[in-house]
Amino acid sequence: MAKKRALITGITGQDGSYLAEYLLEQGYDVIGMIRRSSTVNFERIHHIQDKVTLVAGDLLDEVSMINLLRDHRPSEVYNLAAQSFVQTSFSQPVFTGEVTGLGVTRILDAVRVVDPGIRFYQASSSEMFGKVQAVPQSETTPFYPRSPYGVAKLYGHWITVNYRESYDMYACSGILFNHESPRRGLEFVTRKITNAVARIKLGKDKELRLGNLDAKRDWGYAKDYVRAMHLMLQQNTPDDYVVSTGETYSVRRFCEIAFGHVGLKYEDYVVIDERFYRPAEVELLVGDPAKANRELGWKPEVTFEQLVTMMVESDLAANK
Ligand code: NAP
Ligand code: G4F
C-alpha cells in the first residue's frame, strides 16, 4: 500500500513539531511548509529534519500553497500555522487577521482548487469562547471572542465549516484548549513561568514579572493533543471537536506548583506588572471533551501536575 502523505503548515511551531514526529511514527511521508526567514529557526524539528521534506510557502500567499499542493499531492493537510500569541494580536490586529483568519481561506481554497478530496484539519481555539457563555464549553457553546486573535480564529473556524458544507470537503475544526510542553514558546505564560523558575533556582534571575494571576485555563500536554488532530482526519465523516482535559487551574496555581517543585514560594519572586494585562481578558476556560472521548476514543494521558513538573525539569536542564 502507498504511504500516506501529510502536509503540515506551522511545522516549526510547538504543535507542528510533535505532529510531524507522530505522523512519521504512523508511517507517513511528512511535508512541512516553512516560510522564508533570514535565519533558520528549526530548533523544534532539527532532530527529524532529515526525515521530513521542507518546502517554502506562506499563509499570506495562496499561489505558493497551490504550487506546493500540486507538487507534493498530500492526502491530508494540517493547518497549524498562525500568528498564535493573543497579546500580540492586540498590537497587530490586521496582521493577525490576515494570517490567522484569511490565511485559512487561502489554504482551504488552494485545497479546493488542487484536489477537494484532500482531508483538511484547521487548528481552531478555545479563545473563540472568550467571555464564556456556558461552563464547561462544548461544541455547542456559543462563541464570544475577546481578542483580535480569537476573532480571527472564529473566522477560520466558520470558513472551514463553510467549505465543508459548500464543496463537500472533508474539513474538520479542532477546538483545542491550551496545550503546553517543554517546546512551548517562551512568551506564553506556562513556559515563561517554568523558564523563570529554573533561572531563579540556578541564581540567574531574581524575579518574574506577570500579569493576571487569576485567569484560569484548561491546560493539557501538546503531545497528547496532536493525536486528536490525526484521529479527526481518520473518521467516516468530517466533524468539529473540543479537545481538552476538563480541568481548570489558575495562573497562580501554576506558579505555586512550578516554584514548589524546586522548593521555592512563588510569592517571594512574582511581581505583578500591568504591561502583561490584556485590554480584554478571557477569565475562565474549561472544556468538555466528551464528544472527542466518545467518538474519537481520545483521552489525555498527562496530568496537570505532571505537565508543570515536566516543563520545570526541562528548563532546569536547558538552563544549566
Ligand atoms: P506556534 O508555536 O506559535 O507555531 C506557529 C507556527 O505558524 C510556526 O511554525 C510559524 O512559523 C507558523 N507561521 C506563522 N505565520 C505563518 C505564515 N504567514 N505562513 C506560514 N507559517 C506561518 O503555535 P502552536 O502552539 O504550535 O499552535 C499551533 C496552532 O494551533 C496555531 O494555529 C494556534 O493558533 C493553534 N492553537 C494553539 C493552542 C495552544 O495552546 N498551543 C490552542 C488552540 C489553538 P515560524 O516558526 O516561521 O514563526
Ligand atoms: O499563555 P497565554 O499567553 O495563552 P492564551 O492567551 O490562553 O492563548 C493560548 O491558548 C489559546 C487557547 O485557548 C491558543 F489559541 C493561543 O494560540 C495560545 O496558545 O496566557 C494565558 C493566561 C492569560 O489569561 C494571560 O492574561 O495567562 C495570563 N497571563 C498572566 N501573566 C499571562 C501573563 N500571559 C502571558 N503570556 N504572559 C504573562 O506575563
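Would you mind working out the accessible area per residue for the chain, using a 1.4 Å probe, and quoting it in Å²?
Roughly 44 Å² per residue, with all protein chains present.
Dipole size in debye (nearest 20) for region 75-166 around its Cα centre, Lys and Arg Cβ +1, Asp and Glu Cβ -1? Please report the intermediate quantities before stating the final value.
Working: 7 positive and 7 negative charges, 35 e Å.
Computed charge dipole of region 75-166: roughly 160 debye.
List the lysines whose Cα sits under 27 Å from the Cα of K51, skipping any in the same chain fewer than 8 residues away.
K51 reaches K3, K4, K223.
For a quick protection proxy, order the peptides 245-257, 5-17, 261-273 by their average other-Cβ count within 10 Å, most packed first.
Order by mean packing, descending: 5-17, 245-257, 261-273.
Over the Cα atoms of region 146-292, what Rg and Dmax result, in angstrom?
18.2, 58
Beyond a 30 Å Cα-Cα separation, which of these cross-linked pairs lie in this structure: K192/K291; K153/K206; K299/K320; K216/K291; K265/K291? Each step should come with its number before you reach the end.
Working: K192/K291 32 Å; K153/K206 37 Å; K299/K320 34 Å; K216/K291 22 Å; K265/K291 39 Å.
Too far apart for the 30 Å limit: K192/K291; K153/K206; K299/K320; K265/K291.
Just to compare against my own numbers: the Cα pair-distance distribution for region 232-320, 5 Å bins, whole % per bin, please.
2, 11, 15, 16, 16, 15, 11, 8, 4, 2, 0
Binning every alpha carbon pair distance of region 1-118 at 10 Å from zero, what are the percents per bin?
Whole-percent P(r) values from 0 Å outward: 14, 45, 33, 7, 0.
For T303 and E139 in the same chain, what is the full-extension length gain: residue separation times 0.36 nm, less their Cα-Cα distance, in nm?
56.8 nm
Per the helix-only calculation at 222 nm, which mean residue ellipticity applies to the chain, given -39500 (n - 2.57) for every DSSP H run of n ≥ 4 and division by its residues, nearest 500 deg cm²/dmol?
Computed mean residue ellipticity for the chain: -11000 deg cm²/dmol.
Given bins 5 angstrom wide, list per bin the percent of all Cα-Cα distances in region 187-270, short to long.
3, 13, 21, 18, 13, 11, 8, 6, 4, 2, 1
Got a number for carbon plus sulfur as a percent of the chain's accessible area, 1.4 Å probe?
Reported share for carbon and sulfur atoms: 48 percent.
Distance between the C-alpha centers of region 150-224 and region 262-305? Whole Å please.
9 Å
Compute the helix-to-body angle for 189-201: its Cα long axis versus the longest principal axis of the chain, expressed 0 to 90° and rounded to tens.
The helix 189-201 is inclined about 40 degrees to the chain.
Taking the Cα atoms only, what angle lies between the long axis of helix 14-25 and the longest principal axis of the chain, rounded to 10 degrees?
Long axis of 14-25 versus the principal axis of the chain: about 60 degrees.
Using only the Cα atoms of region 82-172, what do you get for the radius of gyration and for Dmax, in Å?
Reported Rg and Dmax, both Å: 13.6, 41.
Largest first, what is the accessible-area ranking of E98, E281 with a 1.4 Å probe? Spell out each step's value before the answer.
Values: E98 70, E281 35 Å².
From most exposed to least exposed: E98, E281.
Can you pull the three principal axis extents for the Cα set of the chain, in Å, largest first?
Principal-axis extents of the Cα atoms in the chain, largest first: 57, 44, 38 Å.
Against the longest principal axis of the chain, how steep is helix 148-167, in degrees 0 to 90 to the nearest 10, with axes from Cα atoms?
Tilt of helix 148-167: around 20 degrees.
The values are calculated or read from the model by the stated rules, or taken from the named source; none is laboratory data. Nothing here was measured: the structure is a model prediction, and the numbers come from that model. FYI the Cβ positions are ideal-geometry reconstructions off the backbone, even for glycines, and counts take in every protein chain you see. The accessibility values were calculated without ligands, DNA or RNA, using every heavy atom of the protein model including side chains. Shrake-Rupley method; radii C 1.70, N 1.55, O 1.52, S 1.80 Å.
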